[in-house]
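These notes are about the structure you will find just below.
Quick note: the coordinates plus some simple rules give every number you see, no bench work behind them. Keep in mind that what you see is a predicted model, and the values were worked out from it rather than measured. Here the Cβ positions follow ideal geometry from the backbone for every residue, glycine too, while neighbour counts run over all protein chains shown.
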Amino acid sequence: MELPKRGIDKAELLADMRERKQQDADWRGARTFSLIYPAGPEVDALLEEANGLYLYENALNPLRFPSLRQMEVDVVGMTGALLHAPESAGGCMTSGGTESIIMAVKAARERARAERGVERPQLLAPVTAHPAFAKAAAYLGLELVQIPIDADHRADLRAAESLITDQTALVMGSAPNYPFGTVDPIPELSALAHERGISFHTDACLGGFLLPFWERLGEPVPPFDFRVPGVTTLSADVHKYGYATKGASVVLHREQAHLDQYQRFLYSDWPGGLYFSYAMAGARPAAPIAAAWAVMRFLGEEGYLELAQKIRAARNEIQAGIRSIPGMHVIGEPVMGVFAFASSRDDIFAIGDVMDDRGWCVDRQHGPDALHVMLSPEHAGVAAEFVADLRAAAESHGESRGVQARYS
Ligand SMILES: Cc1ncc(COP(=O)(O)O)c(C=O)c1O
């Protein structure tokens, strides 16, 4: 495409955009399972207005937009309180889980260099850790050392202990991980790091805004937040189960001093004046900060609890359905509504194809071959239909297998 010589009429342009969007996933119908976390029309309407109010501002300079600065402080404060961060804690907002993780890895690298003289830093992460850790290691010059997982699909502690060296700059665990939805043994893993003066990061990008409410619902939640003494940093994404629009995550440090010393970038050798920032971006969109602040205040504890209840209802119905289909099973013991399922009888990817044909966007993964879902509140309304379609897909696949067997 080339820049048009003469600008296109607004109505025509918007019609073109609407037309293009027809090809995209139908997330409003709750038929997609990750990427978007719909929380209902009321929340959508609030998000649109909150974004609109701060569409043009720039969060680079907090002095120019004090309302924005205060919103960031408030979001970090509310998130810290939810995750039991101590008085000494500090944090900032970033554009998403990946940026929060990159900043935590960077801070751990600086800390290891300053406090332990680590020159060839290593990052110890379970194989189930999100690729953002591999990305951070690649960007920041750390060696990624992978911890195998045990039969429960959680980091293998013995292996982790044997992999720690005097060059380990950061150990991490997920709460939960994306592939299986299991939570790593954070108290034990972080103790291994803590005893040696090594930083430990809990990746609660997925669980940070759901596990606290899951716990209040009486569901079993393994320890993962700042109540675990060895956790030094934690990431929690407001744009996932915080239900904000994209571009909003929080990275927290147990010690504000570590945030200032090891994460913040300060540069005074520039004719343009003093420059500082806490994360990768320079100019930062204001709308995600405003939307995160607005949705957290709008929902409050009661709103988040209600949404968690809906996810639990969807989880219960879909998992029970999966377990009732011959040969089909949920992998491991997922903690929330993020999980993978496989079949010992049928080709699970063929079943996935049938689900696609029926309009569901179910994710695929391997190791083992499985389908993957990430439930959001709106899935409670379609759980029965999902199970019925899955059952029909498994049956039709079973029949075609039978037909193939007869003719081969
Ligand atoms: C466990 C976990 N950590 C980190 C991330 C990265 O978050 P983002 O896509 O916002 O960068 C994800 C994304 O799904 C995730 O599931």
Discussion item. Just want the answer: with Cβ charges of +1 for Lys and Arg and -1 for Asp and Glu, which residue in Gly90, Leu170, Ala279 is farthest toward the dipole's positive end in the chain?
Written reply: Ala279
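Relative contact order for the stretch 301-402 using alpha-carbon pairs under 8 Å, separation at least 6, rounded to a whole percent? Intermediate values should be presented prior to the final figure.
Numbers: 129 pairs, mean separation 33.7, N = 102.
Taking the mean separation of contacting Cα pairs over the length of the stretch 301-402, I get 33 percent.
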Worksheet entry | Net charge of neighbours whose Cβ lies under 14 Å from the Cβ of Ala244, counting Lys and Arg as +1 and Asp and Glu as -1 | -3
Worksheet item: Put +1 on the Cβ of each Lys and Arg and -1 on the Cβ of each Asp and Glu in the chain; which of Ala292, Ala191, Tyr139 then has its Cα farthest toward the positive end of the dipole?
Response: Tyr139
Worksheet item: With +1 on each Lys and Arg Cβ and -1 on each Asp and Glu Cβ, how big is the dipole of the chain about its Cα centre, in debye rounded to the nearest 20?
Response: 540
Worksheet item: Measuring from label point to label point, each 7 Å out along Cα→Cβ, what is the Ser396 to Leu13 span in nm?
Response: 4.3
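Given the chain, what percent of its DSSP beta bridges are antiparallel, to the nearest 5?
Values: 25 of 42 bridges.
Of the beta bridges lying entirely in the chain, close to 60 percent run antiparallel.
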Discussion item. Nearest 500 deg cm²/dmol is fine: what mean residue ellipticity at 222 nm does the chain get from its DSSP H runs of n ≥ 4 alone, each adding -39,500 (n - 2.57), divided by its residue count?
Written reply: -13500 deg cm²/dmol
Item to complete: Compute the Cα gyration tensor for the stretch 206-309, then decide on rounded, prolate or oblate, letting a ≥ b ≥ c be the square roots of its eigenvalues: rounded whenever a/c is under 1.5, prolate when a/b is larger than b/c in the other cases, and oblate in all that remain.
Response: oblate
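Write down the Å³ per residue value for the convex hull defined by the alpha carbon atoms of the stretch 101-186.
Spread over its residues, the Cα hull of the stretch 101-186 gives 79 Å³ apiece.
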Worksheet entry | Å³ per residue enclosed by the Cα convex hull of the stretch 16-153 | 224
Practice prompt. Work through the residues other than Ala314 whose Cβ is under 12 Å from its Cβ and net out their charges, Lys, Arg +1 and Asp, Glu -1.
Written response: 0
Response to the item:
Expected unfolding gain across Ala388-Ala159 under the 0.36 nm per residue rule, minus the alpha-carbon gap, is 78.3 nm
Discussion item. Running a GNM on the chain with Cα contacts under 10 Å, which residue among Ser249, Ser235, Ser95 ends up with the highest mean-square fluctuation?
Written reply: Ser95
Response to the item:
Long-range amide H partners of Ile147, meaning residues 5 or more apart or on another chain whose placed amide H is closer than 5 Å, are Ala125, Val127
Fill in: Point-charge dipole on Cβ atoms (K/R +1, D/E -1) for the stretch 280-408, about Cα centre, debye to 20
200
Discussion item. Can you tell me what percent of all Cα-Cα pairs in the stretch 309-352 are more than 11 Å apart?
Written reply: 66
Worksheet item: Taking H as built 1.01 Å from N, whose amide H comes closer than 5 Å to the amide H of Ser199, not counting residues under 5 places away?
Response: Val171
Worksheet entry | Overall form of the stretch 301-402 per C-alpha gyration tensor (a/c, 1.5; a/b vs b/c) | prolate
Worksheet item: If the cut-off is a Cα-Cα distance under 18 Å, which lysines reach Lys21, setting aside same-chain residues fewer than 8 apart in sequence?
Response: Lys10, Lys246
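Find the all-direction average of the projected area of the Cα convex hull for the chain, expressing the result in square nanometres with one decimal place.
Numbers: hull surface 99.1 nm².
Mean projected area for the chain: 24.8 nm², to one decimal.
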Fill in: Neighbourhood net charge (12 Å Cβ-Cβ; Lys/Arg +1, Asp/Glu -1) for Pro41
-3
